[in-house]
Each structure stands twice: as structure tokens, then as C-alpha cells.
Amino acid sequence: MGKVWKLLIYRLLLRLSLFLPVFVMALSLSAQDRQLIRGVIIDEATRQVIPFAHLQFKISRLGTVANQEGAFSSFIKGGASDDTLFISSMGYETSKIHISEVMTKDTFLLKEASITLHPILITTLSAEEIVRKSIQSISKNYPQNDVHFIGFYRTATKECQTFVKLLEGPVSVADPGYASKDTANITYLNVSESEDFSQYKLEEKHLMEDALTFEHIRLRSGFLNPDALDGWKYEMAGYTQYDGKGVMIILANYISDKHKMDHSARIYIDDSSFAIYKLEYTYHWLDNYFIKSEIDSLSEAEHQWEGEFHYAQEKDKFYLKYFVFHHTKTLYDLMFKRKVCDIEVYSEFNRYEVAEKANALRETYSGHSLELAQPIETELYKNIFKDLDSLSRAGDE
């Protein structure tokens with residue numbers, strides 16, 4: 001049996017295990033049971049889906065993030081009869097829903113927030129000064145000591161227009177804190193991996209560690225590098241609300257005709273604490289930026305890195321909540337002056353719980369390692385399994 005079939009069976013068993021607490025709760029009503037809820041976040045006026053909305057239960061503190069299509073899934077404790085779900089997204093009023101209502105819904109509406117401008121704040125600081133102030137406030141807004149969190153991670157590799165590899169499952173992250181630029185220590189828990197159908201066996205660079213090299217707040221890199229802001233052009237792109245607070249939207253651009261680069265970013269900054277809620281970025285090379293390849297006679301040309309990093313406040317600090325990361329490179333045969341293949345990597349991480357000490361997480365999830373609800377699958381991930389299934393069938397023939 002191919003590895004991809006093992007992965008498919010694993011996912012089927014995982015889904016069955018996710019629904020098991022629902023039936024157990026119906027029979028026992030034990031306070032320790034967990035029940036899976038699912039739904040879609042929608043704009044009340046336009047009826048369009050709202051991607052990447054944050055969901056958090058007030059008492060249990062369990063939460064998740066909706067995916068690109070506005071869909072979410074999360075566990076709730078069976079005995080939490082007085083809990084309240086908070087749903088928030090940039091530009092919308094925060095919705096508060098009692099758990100009894102959450103259990104009976106599959107669609108959740110958010111109302112667009114009315115925006116009250118703060119003209120004095122906006123006009124007295126330039127966009128670059130706001131970014132500098134935000135960088136200076138990192139030590140105040142983000143944890144400086146070790147923290148631990150657990151979540152769900154998945155990554156897929158696409159080669160020559162076909163998905164050839166998938167890795168997914170729960171992970172545990174030991175974060176050294178934002179006073180350090182050291183890489184977080186990541187432990188992959190019960191992670192399932194498909195067969196590797198790739199033709200070009202490059203070094204593995206698609207794990208979570210690689211995506212976190214683009215966490216600009218921790219590294220003070222790119223458009224958040226205090227020593228290189230002069231190379232970027234910053235401008236105020238808008239103003240919105242998030243969770244009842246004013247948020248400034250800063251657009252950053254770095255264009256170099258000499259190096260054939262066109263980089264851009266959007267930075268969402270709280271107008272009082274200067275904490276960063278969200279980063280969106282694209283690093284794009286207009287020409288072939290060649291690097292040495294691990295494959296003889298071939299060279300890799302970087303073309304684009306893009307991603308989104310979302311942060312959520314827990315008590316008085318902001319923690320990484322969710323990210324998506326997409327890396328595109330091209331393989332070239334320099335001898336024959338031709339393009340060989342595009343290679344793309346897609347990654348996604350969704351944090352479920354954060355704690356100051358690792359043992360607190362171990363106690364919370366003891367015996368429940370498979371009860372981390374997966375992000376609901378988008379069309380992208382349906383296409384991944386379609387490709388893997390096709391490759392597996394071809395290999396069995």
C-alpha cells in the first residue's frame with residue numbers, strides 16, 4: 001500500500017476521531033468531553049465570506065482562525081455551558097455568541113464596523129514614523145520570555161503544475177520569546193506524510209522552520225528592519241477597526257530596478273499601543289535571481305515569497321495566531337538556456353492554545369493528541385489530494 005493511501009486512511013480515521021466526542025457527549029454529558037463545531041463567517045451586508053477571522057472562547061480560551069474561504073472548525077468542552085464565543089476580523093464589529101447558540105448554527109454573520117477617525121494621531125506621525133514606533137514597541141507588546149503553544153501545521157509541494165508531496169499534523173512549539181532571534185523549537189506530533197512523488201529531490205525547505213524565517217516581527221527584518229527603513233517607501237493606506245480598536249494600515253514598497261526586485265507589504269498597526277495585528281507581504285524578483293542548486297547542471301531562480309502572519313492578544317501580550325506562506329522558485333538548465341520546472345511550496349499554521357509553561361499544554365492535551373481540529377479544507381487542498389491520488393494510482397499500475 002502506497003504512502004499516499006496510508007495518508008488518506010489516516011485522514012479518514014482522524015475525521016472519525018474528531019466526530020467521536022460528539023457522540024460521546026450525547027451519551028455521557030461529561031464535562032471532560034469535547035465537541036467539534038464548524039461554520040462559515042459571512043459579511044452581514046454583502047453575504048461574502050470573511051477570510052481569516054479570529055474565534056476565541058472567553059472561558060476555555062480555546063480558539064482558531066477561519067481559513068481563506070471563511071470556514072472554521074474547533075473543539076469546545078462539553079460542560080462549558082456558560083462560555084461565549086468571540087468572533088473578530090479587521091474592519092468588523094466583534095460578535096459575541098453564547099455557546100448554546102453556537103451549537104445550533106453553521107453560519108455566523110459579522111457587521112461592518114463604523115470607523116471613527118483619529119486625525120490628530122494620523123497627521124502628526126508619518127507612515128515611516130509609525131512603523132519605527134511599532135518596532136520600538138515590540139519589547140512591550142510581544143512576549144520576551146519563553147512561551148509554548150500547540151497547533152496544526154500542513155505543507156504541500158507543487159512541482160511542474162502537480163502537487164507531489166503533503167505533510168500535515170499537530171505540532172508543539174517552544175518559542176524563545178521576541179527578545180531573541182533564535183529559531184523556535186518545533187516538535188511534530190503524529191504528523192502524517194504522503195509519498196514523495198517529486199522528480200527533483202531538493203533539500204527539504206518546506207517545514208515550519210523555513211516559514212518562520214519570514215516572521216518579520218521577531219527578526220526585525222525587511223520592512224521592519226530599523227536600520228533599513230530608508231530603502232522602503234511607506235504610506236498610509238487606510239484606517240479600520242479590529243476588536244473595538246483603531247487600526248492603521250501602512251503600505252510599504254521596495255522597488256529596485258538595479259536588482260530587479262519589487263517587494264511590498266501591508267502592516268496593520270494598533271493606533272494606541274502600536275502593536276502589529278497582521279502582516280501581508282510579497283517579495284518578487286522581476287528577473288531571474290539565481291542561486292546554486294543541489295542538482296548538477298541546474299540552477300534555482302527565486303521568483304516569489306508571499307505570506308500573511310496574524311497575531312492575537314492574550315492577556316497583555318500578542319502571540320502568533322496563524323500564518324500562510326507560499327514560496328515559488330524555478331529550476332533552469334543553464335547549459336541549454338531553458339526553464340525546466342516551477343516548484344512551489346504552500347504552508348499553513350493554525351495555533352490552538354498558548355501557555356507560559358510546556359507542562360500546562362501537556363496536561364491540557366494529555367490523551368487528546370488527535371483532537372486538534374484540522375483547518376477545513378479549501379479548494380487548494382482538495383486539489384492536492386486529487387493530484388496525490390492520481391500519482392498513487394499511476395504508481396500502482
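Details
- Positive minus negative residues near residue 154 (Lys, Arg vs Asp, Glu; Cβ under 9 Å): -2
- Cleavage-rule hits (chymotrypsin sites (Phe, Trp or Tyr not before Pro)) in the stretch 183-281: DSSP loop, at most 16 neighbouring Cβ within 10 angstrom: 200
- Global geometry of the stretch 210-262, whether rounded, prolate or oblate, following the gyration tensor of its Cα atoms and the 1.5 cut on a/c: oblate
- Total lysine pairs under 22 Å (Cα atoms) in the stretch 100-253, excluding pairs fewer than 8 apart on one chain: 11
- Over the stretch 43-91, the reciprocal of the mean inverse Cα-Cα separation, the Kirkwood hydrodynamic radius, stands at 11.7 Å.
- Whole-Å distance, taken between Cα centres, linking the stretch 131-154 and the stretch 297-356: 19 Å
- Subtracting the Cα-Cα distance of residue 304 and residue 213 from their residue separation scaled by 0.36 nm leaves 31.3 nm.
- Put 183, 378 in order of accessible area, highest first, and with a 1.4 Å probe you get 183, 378.
- Fully extended contour minus Cα-Cα distance, from residue 282 to residue 100, at 0.36 nm per residue: 61.4 nm
- A 1.4 Å probe run over the protein chains yields, for the stretch 81-204, 48 Å² of accessible area per residue, whole-number rounding.
The values are calculated or read from the model by the stated rules, or taken from the named source; none is laboratory data. As the structure is a prediction and not an experimental result, all values here were calculated from the model. Note that each Cβ is placed from the backbone with ideal geometry, even for glycine, and that neighbours are counted across all protein chains shown. Only protein heavy atoms, including side chains, enter the accessible area calculation; ligands, DNA and RNA are left aside. Shrake-Rupley method; radii C 1.70, N 1.55, O 1.52, S 1.80 Å.
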